[in-house]
Every structure is written in C-alpha cells, then in structure tokens.
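What follows is a short report on a single structure.
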Amino acid sequence: MTVLSPTAVSAVLDRLGLSDDNPGAFDGAWIDTRGPRLDSLNPATGEPIASVRTCSAADYDRVAAASVAAFDAWRHWPAPKRGEVVRLLGDELRRHKEDLGLLVTLEVGKVRTEGLGEVQEMIDMADFAVGLSRQLYGLSMHSERPRHRMYEQWHPLGTVGVITAFNFPVAVWAWNAMLAAVCGDATLWKPSQHAPLTALAVTKIAERVLAAAGAPAIFNLVFGDRNAVGIPMVKDARVPLISATGSVAMGKQIARDLSDRLGRSILELGGNNGIVVTDDADLDLALRAVLFAAVGTAGQRCTTTRRLFLQKGIAAEMKRRLVRAYGTIRIGDPAEPSTVMGPLIHANAVRDFRHALEIAVQQGGRILHGGKVLDRPGFFVEPTLVEALPHMPITCEETFAPILYLFEFETLDEAIAMHNAVPQGLSSAIFTLDLRSAEKFLSVAGSDCGIANVNIGTSGAEIGGAFGGEKETGGGREAGSDAWKAYMRRQTCTLNYGTDLPLAQGVHFDL
Ligand code: UN1
C-alpha cells in the first residue's frame with residue numbers, strides 16, 4: 001500500500017515525460033534501443049512503476065560516438081556561456097523539484113524529505129558550477145629565465161563516463177555532470193539498473209534546456225547492464241575519465257580495466273563510517289546525529305554510520321537512549337510525509353541484511369534492537385543495533401542496510417585505532433566538547449578518512465566540499481572545492497618574448 005494513488009503516480013510520470021515503455025538511450029535523440037526491457041520497481045510495494053528498454057553494445061557505441069561529437073562542439077563555447085546553460089538547467093530543476101523528488105521516493109524508496117533533498121543537491125551543484133564557470137583558474141609562475149613567462153591553463157577533457165548507484169540516483173550525476181558541463185565536457189551516463197526513471201526524467205529536462213539554448217547534446221544517457229554498457233564504456237579510449245560510484249569490487253574491476261588504457265578515474269566506493277562519542281560529549285546532539293546517520297535512507301548511503309564507538313563512562317547511557325529511540329522510528333511508506341525510514345532497494349538487499357546479522361551473531365555480536373524483516377509487501381527491515389566485539393570481521397565490511405555496530409573504548413587513542421582499522425576510509429565523526437579530543441581526531445594521528453566531522457554525523461555532506469574517501473573508498477573527489485580539476489586537462493605553458501634562448505637549470509648547449 002502507498003498513499004500515492006495509481007492516478008497520482010501516472011500524473012507524475014506524465015509531467016516528467018515518462019511512459020509505460022521508455023527508450024533507454026539519449027544521444028541527442030531518444031533511441032529505440034535493442035536490449036531487453038527492464039521494469040523499474042517501487043521498493044515500497046515490489047510493484048513495477050514503468051519499464052525502460054536497455055542498450056545493446058551497439059547502442060552504446062552509437063551514443064558514445066555522438067557524445068564525443070557533442071564534446072567537440074561544446075568545448076569551443078566560452079566557459080561562462082557554458083555556465084549560463086547550466087544556470088538554465090538549475091532553474092528547470094527547481095521548477096520540477098516536487099515531481100522529481102516524488103519520483104526518487106517512488107523509485108528508490110527515499111522518504112519525501114530525502115527525495116526532495118536529492119533534487120536540491122542537483123540544484124546546489126548547478127549553482128556552484130555556474131559560479132565556477134568564471135573561476136577555472138590556472139596559476140602563473142615566475143620563470144627562472146629572463147623574458148620568459150610561465151603559466152598553466154585548463155582545457156576541456158572530453159566525454160566523461162558517469163556510473164551512478166541507486167542510492168543517489170540523480171544527485172551524484174549532478175556532482176559530475178554540472179562540473180563536466182562548465183569544464184567543457186560531455187557526460188555519458190550509465191544510471192543504476194534500479195533507478196532508470198529518475199535518470200530518464202532528468203535527461204529529458206536537460207534535453208529541453210540544451211535545445212532551447214542551442215547547445216550540443218552533451219548530457220547523454222545509456223541504460224544497460226555492465227556487459228552491454230559498463231564494460232564497453234570503461235574500456236572505451238574515447239572516454240578519458242570514468243567517474244564511478246558503487247562497490248569496492250566494482251571499483252577494483254574498473255581500475256584494472258582503466259589501467260590497461262591509462263584512463264583516468266574518480267572512484268567513490270564503499271564506506272564503513274564511524275562515530276566516536278567521548279565521555280564529555282553532548283549526548284542529546286550525538287543521539288540525534290547518530291539516528292539520522294545510521295537510520296536515514298534506511299542505512300543505504302555510502303556515508304551511513306555503521307560503527308559507533310562509545311567511551312566507557314557514557315556507553316551504557318547511550319545504549320539505553322539508542323534502544324529507546326530506535327523503538328520509535330516510523331518505518332513504512334516513504335511517500336507518507338511522517339515516515340522516517342523507508343524500504344531497502346530490493347530483495348537481495350534484504351537477504352544481505354539477514355546474512356550480515358547471522359554472521360555478526362556467530363562472531364559474538366548481540367542484537368540489542370531490531371534484526372527482523374517486516375512482514376509486509378516491499379523490502380522493509382528493522383533498524384538494528386548490534387553490540388559488537390573489537391575485531392569482529394563482519395564489522396570491517398559494508399552492508400548496505402541499517403545495521404549499527406556498537407563498540408566501547410577507554411582512551412581516545414584506542415578509539416581512533418579501532419576506527420581506522422577497516423579497509424574503507426570515507427566519512428568519520430567525533431562527538432566531544434573537548435578541544436584537544438576534537439583536534440586530535442582531525443590531526444594526522446586522527447581519522448584516516450576523506451571526511452572528518454566534529455559534532456555532526458557522517459552523512460549529509462554539503463556540496464561545497466570535495467566529497468570522497470581514502471583506502472578502499474577509492475581516493476576520488478567529486479562536487480565542491482577544486483574537484484573540477486579532474487574534469488579538465490592541465491597545460492603548462494612557457495612563453496619566450498626575448499631574443500635569446502636560455503636553457504633551464506643553467507644548461508648550456510653551445511654549438
Ligand atoms: C552516497 O551515498 O553515494 O553526504 C553519497 C551524503 C550525501 C552524499 C552521499 N550528500 O550523505
């Protein structure tokens with residue numbers, strides 16, 4: 001059951017230009033692709049919403065060629081003019097925020113506010129990229145040679161292959177596509193198999209904006225599985241950069257394939273994020289942050305908090321509060337505005353949840369709350385708290401579900417060592433009111449993650465910072481700060497305006 005009637009759902013699909021049977025590729029025109037049809041399911045009901053035709057390898061090839069041609073034209077547009085097109089795209093996304101947000105809820109099960117947040121993240125990225133279009137700065141250097149000038153400049157790179165996951169079905173595309181667009185690149189998007197409709201809807205909006213602006217079709221889409229689309233794209237020498245979000249196993253495969261052709265990558269892979277709570281922490285704040293970070297999005301963010309380290313003095317109290325709060329989480333229809341936690345994405349995710357808990361118990365873990373799959377249609381589970389022992393192997397793995405492992409510690413050094421003792425390195429946080437503890441956590445002897453926070457949780461990063469992580473998270477950085485540099489090629493230029501030819505390093509080459 002969902003609060004959205006079938007008529008309401010069809011109205012949203014209509015307004016976003018989606019039909020019962022949608023084409024799965026856009027290269028400037030919507031292509032009648034040749035791969036099998038795939039239903040997009042509503043994870044809250046298990047029922048199909050609409051279907052999309054997937055691409056064959058030949059379809060991929062055609063779209064990639066068109067994308068390269070679009071890049072060829074687009075790169076000559078001045079960057080601020082490219083920014084103007086991105087500004088129009090941001091405006092159009094604002095106009096469709098409600099419908100797109102609802103579609104995110106329908107297709108991937110995010111609760112309403114998170115579905116809308118996803119669209120807001122695209123809008124924020126558009127705004128950021130517009131400003132950036134006038135700030136693609138290079139440095140100038142003082143040459144060691146007389147009457148020489150040295151500087152660097154940034155040129156467009158090419159077509160960027162963007163592989164996104166179901167959990168941020170459009171925001172992560174925007175992280176890449178908005179930057180790529182102002183940098184003068186085209187994007188070739190392979191959306192998640194579980195979220196094709198939101199990708200189609202966004203591409204249709206982008207299509208209209210590009211056409212109205214007289215811009216080349218730089219936002220391309222290829223919907224299909226790894227064999228038809230993913231692998232050909234990663235191996236395609238026409239695509240100089242692959243930006244991929246997904247599992248560590250997927251990232252390793254991509255890295256291997258790219259190394260064969262020395263292609264570039266931005267990898268955003270698994271997280272296993274921890275929060276440290278010290279004895280002096282503001283426990284009210286810590287509790288609220290842990291709830292959002294561990295239970296929000298049903299535990300399906302790469303930034304989800306999966307491990308909680310509690311100092312001995314507050315551990316019992318925090319556990320009591322957590323168990324009480326977990327008991328009040330409203331699980332259910334994500335389209336219902338009061339729901340806090342929606343479903344997992346599919347049946348396999350439910351199986352992984354069960355499996356991880358079985359192993360956790362075998363390894364000595366004790367379930368304090370939750371652990372069950374809900375007996376209702378769709379893919380719902382209980383948010384779960386597990387008292388864990390240090391070094392339980394399952395706690396070193398990322399299970400994409402709302403399971404939070406609880407550990408205790410005595411000293412901050414011990415907490416940091418436990419925190420860092422996992423292969424992933426995405427996001428981390430400490431709750432403390434002590435300046436020394438906070439600074440230690442942020443210091444070189446502290447968290448080894450790409451993101452480290454004080455008195456806020458591990459998830460829900462703003463777009464203004466560079467997003468990404470270390471170790472098996474893959475090392476990539478997307479969104480804000482200077483992440484744009486990955487989407488351009490740097491050229492170092494030395495210009496001689498004199499009449500002599502002095503050599504660098506004092507070398508003489510006299511004939
Ligand atoms: C992801 O889960 O792939 O920081 C990205 C966050 C979001 C992005 C998560 N802004 O939680």
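The values are calculated or read from the model by the stated rules, or taken from the named source; none is laboratory data. These numbers come from a predicted model, not from an experiment. Note that we place each Cβ from the backbone using ideal geometry, even for glycine, and neighbour counts take in every protein chain shown. Ligands, DNA and RNA are excluded from the accessible area calculation, which covers all protein heavy atoms including side chains. Shrake-Rupley method; radii C 1.70, N 1.55, O 1.52, S 1.80 Å.
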(message) Quick check: pseudo-label points 7 Å beyond the Cα along Cα→Cβ at Asp39 and Asp127, how many nm apart are they?
(response) 4.0 nm
(message) Let me cross-check Arg490: its accessible surface, 1.4 Å probe, with only protein heavy atoms counted, in Å² to the nearest 10?
(response) 130 Å²
(message) Cross-link candidates for Lys97: which aspartates and glutamates have Cα within less than 17 Å, leaving aside residues fewer than 8 places away along the same chain?
(response) Asp14, Glu107, Glu114, Glu118, Glu121, Asp124, Asp127, Glu207
(request) State to the nearest 20 debye the size of the charge dipole of the chain about its Cα centre, where the only charges are +1 on K and R beta carbons and -1 on D and E beta carbons. (result) 580 debye
(message) Could you give the length gained by full extension between Asn420 and Thr494, i.e. 0.36 nm per residue of separation minus their alpha carbon distance, to one decimal place?
(response) 22.2 nm
(request) May I ask which of Lys110/Lys204; Lys252/Lys312; Lys190/Lys372 have a Cα-Cα span longer than 29 Å here? (result) Lys252/Lys312; Lys190/Lys372
(message) Quick check: from the Cα gyration tensor, does the stretch 273-463 come out rounded (a/c under 1.5), prolate or oblate?
(response) prolate
(message) I want the antiparallel fraction of DSSP beta bridges within the chain, as a percent rounded to 5.
(response) 40 percent
(message) So with the 1.4 Å probe, I'd like the accessible area per residue for the chain, rounded to whole Å².
(response) 41 Å²
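So, by mean Cβ neighbours within 10 angstrom, what's the order for 364-373, 16-25 with the highest one leading?
In decreasing order of mean packing, 364-373, 16-25 become 16-25, 364-373.
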(request) Tell me what the chain gives for mean residue ellipticity at 222 nm when only DSSP H runs of n ≥ 4 count, each as -39,500 (n - 2.57), the sum divided by the residue total, rounded to 500 deg cm²/dmol. (result) -12000 deg cm²/dmol
(message) Tell me whether the chain comes out rounded, prolate or oblate; compute the Cα gyration tensor, take square roots of the eigenvalues as a ≥ b ≥ c, and use a/c under 1.5 as the rounded threshold.
(response) oblate
(request) Pull up the DSSP beta bridges for the stretch 273-463 and report the antiparallel fraction as a percent, rounded to 5. (result) 15 percent
